[in-house]
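Undergrad: Just passing along the structure, written as structure tokens.
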Amino acid sequence: MDLSIIIINYNTLALTKQCIDCVFEKTRDLQFEVILVDNASTDGSKDYFSKEKRIKYIYNSENLGFGKANNIGAKDAQGRNLFFLNSDTMLINNAAKILSDYLDKNETVGACGGNLYNKDLKPVYSYSLLPPSIILDVNKLMHNKPGKLFYKGSLSFNNTESVLDVSFISGADLMVKREIFNNIGGFNTAFFMYFEDAELCYRIKKAGYTIVSVPTSKIIHLVSVSVKKAEKNKSRKKKEMFEESRALYHSLTNKSKIYIWFASFLNSKVMEKLFFI
């Protein structure tokens, strides 16, 4: 089989159904399977998707997070390539085949992803040209002005028609060769959510492979629609989780404690206020 498309669902029944329908509508000339891993959804997803004959359905009794759930899906995968696709995405074109073909034709490429767009087909974050770093944190706090100046707008979206070497691909549409994924141990389960895509790509590159953006593969990403309904306390918890994952990423990539502290400081409310005055 050419490709296993792995989707994680957590109380996003309507979005996930839309995503799966779009996959079957847009994907052509490719042998593929869809594996849906459900992180203990309580919105009727289990009843609905357990009867969906087009997919393999795996139900977890608890919310295991993004990376661990994807690893579970990967263990059951038969495809030569693995496509980790967010439930809040819709393929615009035959995006999965474009990415899979590129991986098959390029031995030195370990992972790739396409260009992501919002519902109005405007560019959104698709990858990062640079690894998570203080440089990226400063760029974010300065509203991407340095990125636009020094990288001509290509820091997180491929404005060209050419393939581009990048640091990591957004986990919303990350395709990896299954052999490489298995060899490096899959997603690091120490991450519950956030930065697991960057850390996986870090290890893929460390193993000697490149990560590329393939702009002809086009996908709509509704950008965290699945988490926008969270109450303020949950949003605060997610921010804390983001900071914890950032610190974990930096520690795993051999950053010093001082570096980790300063990266956290840059993203504190005090620093944001200083930059946004």
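Undergrad: Considering (1) within 23 Å of L91 (Cα to Cα); (2) hydroxyl-bearing (S, T, Y); (3) in a loop (DSSP other than H, G, I, E, B), say which one S213 fails and leave the rest.
TA: Checking S213 against (1) within 23 Å of L91 (Cα to Cα); (2) hydroxyl-bearing (S, T, Y); (3) in a loop (DSSP other than H, G, I, E, B), the one that fails is (3).
Undergrad: Checking N159 against (1) surrounded by 14 or more Cβ atoms within 10 Å (Cβ to Cβ); (2) touching a Lys or Arg at 6+ places or on another chain (Cβ under 8 Å): exactly one of these is not met. Which one?
TA: Just one mismatch for N159, condition (1).
Undergrad: Filter region 124-140 down to the residues that are of a type in the set (V, I, T) and in contact (Cβ under 8 Å) with a residue 40 or more places away in the chain, then identify the one that is farthest from L222 (Cα to Cα).
TA: I134
Undergrad: Quick check on F187: is it at pLDDT 95 or above, of a type in the set (A, V, I, L, M, F, W, C), touching a helix residue (DSSP H, G or I) at 6+ places or on another chain (Cβ under 8 Å) and part of a helix (DSSP H, G or I)?
TA: No.
Undergrad: Still on this model: Name the residue, out of K51, K56, K26, that is surrounded by fewer than 19 Cβ atoms within 10 Å (Cβ to Cβ) and under 22 Å from L121 (Cα atoms).
TA: Result of the check over K51, K56, K26: K26.
Undergrad: Related question: Evaluate the following for I98: is it assigned to a helix (DSSP H, G or I), under 30 Å from E161 (Cβ atoms) and not polar (S, T, N, Q)?
TA: For I98, the condition - assigned to a helix (DSSP H, G or I), under 30 Å from E161 (Cβ atoms) and not polar (S, T, N, Q) - is met.
Undergrad: Sort out which residues of region 170-184 are touching a Lys or Arg at 6+ places or on another chain (Cβ under 9 Å) and either among the basic types (K, R) or not in a helix (DSSP H, G or I) (or both), and write them in order of number.
TA: The answer is K177, R178, I184.
Undergrad: Test L103 against the criterion of being among the aliphatic types (A, V, I, L, M) and surrounded by fewer than 17 Cβ atoms within 10 Å (Cβ to Cβ), and give yes or no.
TA: Criteria not met by L103.
Undergrad: Go through region 25-89 and tell me which strands (runs of 3 or more DSSP E), entirely inside it, have 1 or more residues that are farther than 24 Å from E179 by Cβ, touching a Lys or Arg at 6+ places or on another chain (Cβ under 9 Å) and among the acidic types (D, E).
TA: Those strands (runs of 3 or more DSSP E) span 32-39.
Undergrad: Identify all residues within region 123-156 that are within 17 Å of Y202 (Cβ to Cβ), out of contact with any strand residue (DSSP E or B) (no Cβ under 8 Å at 6 or more places or on another chain) and among the aliphatic types (A, V, I, L, M); write none if there are none.
TA: Across region 123-156, the qualifying residues are L130, I134, I135.
Undergrad: Also, I was wondering about something else. Could you tell me which of the residues N94, N71 is within 24 Å of F187 (Cβ to Cβ) and not aliphatic (A, V, I, L, M)?
TA: N71
Undergrad: Here's something else I'd like to know. If I ask for residues that are touching a residue at least 24 places away in the same chain (Cβ under 8 Å) and not in a loop (DSSP other than H, G, I, E, B), which ones from region 141-169 would you list?
TA: Within region 141-169, L141, L164, D165, V166, F168, I169 qualify.
Undergrad: What's the number of the condition V34 fails, among (1) surrounded by 20 or more Cβ atoms within 10 Å (Cβ to Cβ); (2) in contact with a Leu (Cβ under 8 Å, 6 or more places away or on another chain)?
TA: Among (1) surrounded by 20 or more Cβ atoms within 10 Å (Cβ to Cβ); (2) in contact with a Leu (Cβ under 8 Å, 6 or more places away or on another chain), the lone unmet condition for V34 is (2).
Undergrad: Follow-up. Consider I277 carefully, then state whether it is among the β-branched types (V, I, T) and modelled with pLDDT under 70.
TA: For I277, the condition - among the β-branched types (V, I, T) and modelled with pLDDT under 70 - is met.
Okay, residues lined up against (1) loosely packed, with under 14 Cβ neighbours inside 10 Å; (2) touching a His at 6+ places or on another chain (Cβ under 8 Å); (3) of a type in the set (G, A, S):
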position: D120; (1), (2), (3): yes, no, no
position: P123; (1), (2), (3): no, no, no
position: S128; (1), (2), (3): no, no, yes
position: P132; (1), (2), (3): no, yes, no
position: D137; (1), (2), (3): no, no, no
position: H143; (1), (2), (3): yes, no, no
position: S154; (1), (2), (3): no, no, yes
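Undergrad: Another question about this same structure. Looking at L30, L64, which is the one that is aliphatic (A, V, I, L, M) and farther than 29 Å from F195 by Cβ?
TA: Only one candidate passes the filter, namely L30.
Undergrad: Taking region 53-112 as the region of interest, how many residues are within 20 Å of D43 (Cβ to Cβ) and of a type in the set (D, E)?
TA: 2
The values are calculated or read from the model by the stated rules, or taken from the named source; none is laboratory data. Predicted, not measured: the structure shown is a model, and the values here were computed from it. Here Cβ is always computed from backbone atoms with ideal geometry, including for glycine, and neighbour counts include all displayed protein chains.
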